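A short worksheet on the structure shown next.
The values are calculated or read from the model by the stated rules, or taken from the named source; none is laboratory data. Predicted model only: the values in this text are computed from it and were never measured. Methodologically, a virtual Cβ is constructed for each residue, glycine included, from the backbone with ideal geometry; neighbour enumeration extends over all protein chains shown. Only protein heavy atoms, including side chains, enter the accessible area calculation; ligands, DNA and RNA are left aside. Shrake-Rupley method; radii C 1.70, N 1.55, O 1.52, S 1.80 Å.
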Amino acid sequence: IFPRPFYSPISTEASTSMSRAPPVEVVMLCKTKMCKYFAKGRCKRGQACTWAHGEEELMARPDLFRTQLCVDFAAVGKCQSGGQCRFAHGSDMLRPVAVQPRGPHAPPAVAAPAVGGRSG
């Protein structure tokens, strides 16, 4: 899983001094799990929190199966996981990510671009 992002999907301001856009993976995983700090009454991020603060904010997790290239396969032409690898063994195997929003006011599902570069 990805580290907590520095950027709020709600705000255009970064929560640190960095000025680059958040990675696609961070945006896709935003609000897909409940905030453990909010549940304990200790979340200090408020609206800028990238974790859900209630069932109505929860988004479905995207299916990331074969949306990134397998680094091992690209580097040496083989992968120890073979057909069980969750990563694509060539650009012809890459597929787009379907993001399925959840909640009463969720917009229709959108396809996010495939992202490359993880090892499998």
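Structural remarks
- Matching residues, region 58-98, being closer than 18 Å to L29 by Cβ and open to solvent by less than 60 Å² (accessible area, probe 1.4 Å): L58, M59, A60, P62, L64, R66, T67, Q68, F87, V97, A98
- Among the conditions (1) open to solvent by 50 Å² or more (accessible area, probe 1.4 Å); (2) modelled with pLDDT of 85 or more, the only one that A21 does not satisfy is (2).
- Region 42-57, subset assigned to a helix (DSSP H, G or I) and open to solvent by 50 Å² or more (accessible area, probe 1.4 Å), residue nearest to S91 (Cα to Cα): E57
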